[in-house]
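Input: a single structure, listed below in structure tokens.
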Amino acid sequence: MLDGLIVAIGGNATHPEDIRGTTEEQEEVADRAARSLLPVIKASPRVVLTHGNGPVVGKILLRMMLTRDAIPPMRLDVCVAHSQGGIGYLLMQSLENAMRRERLDRQLACVMTQVEVDARDPAFEAPSKPIGPFFTADEAKQYEAKGWRMMQDAGRGWRHCVPSPEPRAVLNLPVLRALLDSGAVLIAAGGGGVPVVRDASGDWQGVEAVIDKDLTSALLARELQLPDLLILTAVERVAVDFGKPTQRSLESVTLSELKRYRREGHFAKGSMAPKVDAAIRHIESGGRRAIIGHLEHAAAALAGSSGTHVVAG
């Protein structure tokens, strides 16, 4: 594998639960993220940044629900594309400003990324990915009456849930490779990528879903031959027995150990489970290491003094 890494930033890390979501708030969050990411960018000649979009795309859907009598709503794949552009713009601008202040002469590129999924994926019949803001049980019942499918998210409240099919292939890989080989820092596959399928005539067609960005990140690492996967979220380390008196954090864990913890049900679906699955897939496909850590401690995680480090074995 070539030297380099994928850095996957969680949607809740770029749009925390404790903000209203104004542009100014999102700019402040992006600035903080850029400061944390700058040492990581300096440390590697080949960097691809991916990001989640759950809170943002959920708010786009909510906005459309509230205005649907006046403005025709967009399909979910178009909403994902909107979130890619908006989050990518804010993150790219913050990174460009941070790099200019540090006199780091390096180009950035934000690439609208489509990802192929299978139209027959069982996920389309069983929506499971929580997106958007949190609601109380009573509020969730009101939105269900309006046509939304709601689910509890890791005990934190109720959220709208949508299909989340498996990513099969990232489109336009030669473009991504060319930009990466030029030395540019890439922002790609935002929100897991815009989900598309081939129609009966062979044309690409968007479908209503949100792909998990961690699983797409593991796929992208394999397809671009990048050995390291750094998954950044809002917690310091992966924990087993979460919320129990026996809870403990994992610093270094082998692939076989992590797979056992996964089978035992230690990781919440829609929360830590996809990150763990992505780490497992990355190591199984020949990746050198996978790290899960806190966005604010990205440099320390890459250096080995923070985060959960997954290795072969």
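The values are calculated or read from the model by the stated rules, or taken from the named source; none is laboratory data. Because the structure is a prediction, the values reported are computed rather than measured. Ideal geometry is used to build each Cβ from the backbone, glycine not excepted, and the neighbour counts take in all protein chains shown. Side chains included, ligands, DNA and RNA excluded: accessible areas come from the protein's heavy atoms. Shrake-Rupley method; radii C 1.70, N 1.55, O 1.52, S 1.80 Å.
Here are a few things to note about the model shown:
- Percent carbon-and-sulfur accessible area, the stretch 81-230, ignoring ligands, DNA and RNA, probe 1.4 Å: 46 percent
- Share of carbon and sulfur in the accessible area of the stretch 238-312 stands at 49%, probe radius 1.4 Å.
- Percent of Cα-Cα distances greater than 21 Å, calculated over the stretch 12-161: 54 percent
- Taking 20 Å as the straight-line reach from the Cα of LYS141, the aspartates and glutamates in range (excluding those fewer than 8 positions away in the same chain) are ASP153.
- Note on exposure: THR23, THR254, THR308 ranked by accessible area (1.4 Å probe, complete protein assembly) read THR23, THR254, THR308, with the most exposed listed first.
- Exposure of LYS141 as accessible area (Å², to 10), given a probe of 1.4 Å and all protein chains: 130 Å²
- Each 5 Å bin, from zero up to the one with the longest distance, holds this percent of the alpha carbon pairs of the stretch 180-313: 2, 10, 18, 21, 20, 13, 8, 5, 3, 1, 0, 0.
- Compactness relative to 2.2 N^0.38 Å, alpha carbon Rg of the chain: 0.96
- Of all DSSP beta bridges confined to the chain, the antiparallel ones make up roughly 40%.
- Annotation for the stretch 1-90: GluC sites (Glu not before Pro) lying in DSSP loop with at most 15 further Cβ atoms inside 10 Å of their Cβ are GLU17.
- Under the membrane-span-like helix rule (DSSP H runs whose alpha carbons stretch at least 27 Å along the helix axis, mean Kyte-Doolittle hydropathy 1.6 or higher), the chain yields none.
- Nearest-10 value in Å² for the accessible area of LYS129, using the 1.4 Å probe: 40 Å²
- Charge tally in the Cβ shell below 11 Å around LEU219, where Lys, Arg are +1 and Asp, Glu are -1, LEU219 excluded: -1
- Net lengthening on full extension, SER256/ALA300 (0.36 nm per residue, minus Cα-Cα): 13.4 nm
- Applying a DSSP loop filter and a limit of 14 other Cβ atoms within 10 Å to the GluC sites (Glu not before Pro) in the stretch 195-252 leaves GLU251.
- Report note on the peptides 226-233, 105-112: ranked by the mean count of other C-beta atoms within 10 Å, highest first, their order is 226-233, 105-112.
- Remark: spin-label model distance ALA70-ARG248 equals 5.7 nm, labels positioned 7 Å along the Cα→Cβ axis.
- Extension reserve of the ARG63-ALA234 stretch, reckoned as 0.36 nm per residue once the Cα distance is removed: 59.0 nm
- Compared with the direct C-alpha span, the chain from GLU28 to ALA145 gains 38.5 nm at full extension, assuming 0.36 nm per residue.
- Partner lysines whose Cα lies under 16 Å from the Cα of LYS244, excluding those fewer than 8 positions away in the same chain, are not found.
- Set of lysines near LYS59 by C-alpha distance (under 16 Å), chain-local residues within fewer than 8 positions excluded: LYS129, LYS146
- Residue-normalised accessible area of the chain, expressed per residue, 1.4 Å probe, Å²: 46 Å²
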